[in-house]
Amino acid sequence: MSRRNRKGRDINGVILLDKATGASSNFVLQQVKRLFFAKKAGHTGSLDPLASGLLPICLGQATKVAQFLLDDDKRYFVRGKLGQVSDTGDAEGEITDFGSPEGINESSITGVLPGFIGNIKQVPPMYSALKRDGKPLYELARQGIEVEREARPVTIHEINFLGLEDGILSLDVACSKGTYIRTLMEDIGKVLGCGAHVIELRRTGFAHFDLTHSTTFKQLETLKSDDFEALDALILGADTMLPNFDSVFLNAEQTSDIKLGRKIQYADYTDVKKLKLFDENQQFLGIGESNLEGEILPKRLFV
């Protein structure tokens, strides 16, 4: 359901966009927002301009759950050029020769990949959106400034070797939030002794979704109409993006209390846990959190 006015429609939910290469996440966000004539929109899990693939666009009140989507695991297809490194970690930076990839084969690559699987630490790249004293690192990097970065823990669930041809390595990677695939490819190149940088990156999975659930912007454009019916049919409920959260269905009294910002008694949960809350009509209300006292507190609710 949506309501339309001059500022845009009050429309809530998530569009799974298959972002094309060459555009920033914010640019495609604004495109989708205009296409749906949405009053409010935001994206989660930003992709670099070089990268393509799954980018969830949150519309309306679904932006309130965007922060929780960031915790989900991701999957990527990546191609890296062996023998060369880049100051940005990808093909958009300044490329320099590093070491010869001659003699490197499937066996040598698959021999080093297990060392990157599991709980590892990564040093974030300078060309990243992480901030230092309020400034994104990429702004400092563009000024020729490099600052020390602490290694951060990430988890690599899987790395599958897909191929090696003409010095280009193709991998399938499943990983936790906060993983930099550019850094992973660079580190693999260092262990192999030849260096490497990313030349193609595509996000193929986000939480329990894959590219078969997504739509390109060109496909969205073909569905544009005055009544928005065809476009709106593609909008997913925000709750569907949170598969790892338990669902809690409240009665009318509990619904009223939680909407007023009050905690409610709920003895089924006696630990700290994020929960999806639904009202007495089974409509998604937003996110709550249980505590050790058998209570649920409101965290991010639709209003």
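Identify the trypsin sites (Lys or Arg not before Pro) of region 169-240 meeting these criteria: DSSP loop state and at most 15 other C-beta atoms within 10 Å of the C-beta. Qualifying residues, ordered by number: LYS177, LYS224.
For region 69-137, taking Cα atoms only, Rg and Dmax work out to 15.5, 45 Å respectively. For region 215-302, the set of GluC sites (Glu not before Pro) satisfying both a DSSP loop assignment and a count of at most 15 other C-beta atoms within 10 Å is given as GLU280, GLU293. Mean separation of Cα pairs under 8 Å and 6 or more residues apart, divided by the residue count, gives the chain a relative contact order of 20 percent.
Can you tell me, using C-alpha contacts under 8 Å and at least 6 residues apart, the relative contact order of region 186-289 as a whole percent?
Here the relative contact order equals 18 percent.
If you line up the long axis of helix 25-36 against the longest principal axis of the chain, both from Cα atoms, how many degrees apart are they, to the nearest 10? The angle comes out at about 40 degrees. Normalised by the number of residues in region 120-162, the mean separation of alpha-carbon contacts (under 8 Å, six or more apart) gives a relative contact order of 48 percent.
Note on surface exposure: LEU70, LEU137 rank LEU70, LEU137 by accessible area, highest first, 1.4 Å probe.
Using only side-chain charges placed at the Cβ, +1 for Lys and Arg and -1 for Asp and Glu, the dipole size of the chain relative to its Cα centre rounds to 1260 debye.
Looking at region 76-178, the GluC sites (Glu not before Pro) that sit in a DSSP loop and have at most 16 other Cβ atoms within 10 Å of their own Cβ are GLU92, GLU94, GLU102, GLU146, GLU148, GLU150.
The values are calculated or read from the model by the stated rules, or taken from the named source; none is laboratory data. What you are looking at is a predicted structure, and each value in this text was computed from that prediction instead of being measured. We place every Cβ from the backbone using ideal geometry, glycine too, and count neighbours over all the protein chains shown. In case anyone asks, the SASA skips ligands and DNA or RNA and just uses the protein heavy atoms, side chains included. Shrake-Rupley method; radii C 1.70, N 1.55, O 1.52, S 1.80 Å.
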